[in-house]
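The values are calculated or read from the model by the stated rules, or taken from the named source; none is laboratory data. Please read these numbers as outputs of a predicted model, since none were measured by experiment. Here the Cβ positions follow ideal geometry from the backbone for every residue, glycine too, while neighbour counts run over all protein chains shown. Note: accessible area is taken over every heavy atom of the protein model, side chains too, but ligands, DNA and RNA are not part of it. Shrake-Rupley method; radii C 1.70, N 1.55, O 1.52, S 1.80 Å.
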Amino acid sequence: MTESSMIEIFMYQVGQLFLLPVLGLVALLFAYALYALGGFVVQSLQRRGATGERGFPLLAYARRNPQATEDELDLFAHKLLEHERLASRIAPMLGLVGTMIPMGPALKSLSDGNLAQVSGSLTVAFSAVILALIAASITYWVSNVRRRWLAEELVSLQKGRTTARGTEATT
């Protein structure tokens, strides 16, 4: 056995070790995307009802922390979006990995003439990428709408502080 083929076999075997963890992470990201979508729907309904601060996390944070600077409010807004943003970026990468890992066994089975094994491997591969892309799409959409909502809240807070400063200056 040549050194080159030993490296190839080693890389193949190490790659195969990642299949189950990657598929598990894709499933978790898909579940998280559904959770984030549910939270988004609840927040949307709360914003429509507009009773107090429910559905307006930045306004609630500003009321709890009246001395918070604009930079602190911006940092808090970024923290609120962090999970959806990460999920929307990581899911497609894991989907690609989850697609590529089963392709090795599928190609090997194809060369052996085992079409049933090819079919099984391709089913896993395409299912992984589909779920990952759905998860990424949901979290990307949720993240973008929430970012707009938080920007609107930040503008509202800035206007309120500017008005309050103007009132203090005239008295």
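Checked against the criterion of being over 29 Å from Ala62 (Cα atoms), modelled with pLDDT under 95, open to solvent by 40 Å² or more (accessible area, probe 1.4 Å) and outside any helix (DSSP H, G or I), region 108-123 contains one or more residues that satisfy it.
Among residues of region 75-86 that are basic (Lys, Arg), those with a Cβ under 7 angstrom from a residue that is modelled with pLDDT of 95 or more, sequence gap 6+ or separate chain, pair up as Arg85/Ser143. The set of residues from region 69-91 being buried (at least 17 other Cβ atoms within 10 Å of the Cβ), over 15 Å from Arg147 (Cα atoms) and out of contact with any Ser or Thr (no Cβ under 9 Å at 6 or more places or on another chain) comprises just one member, Ile90.
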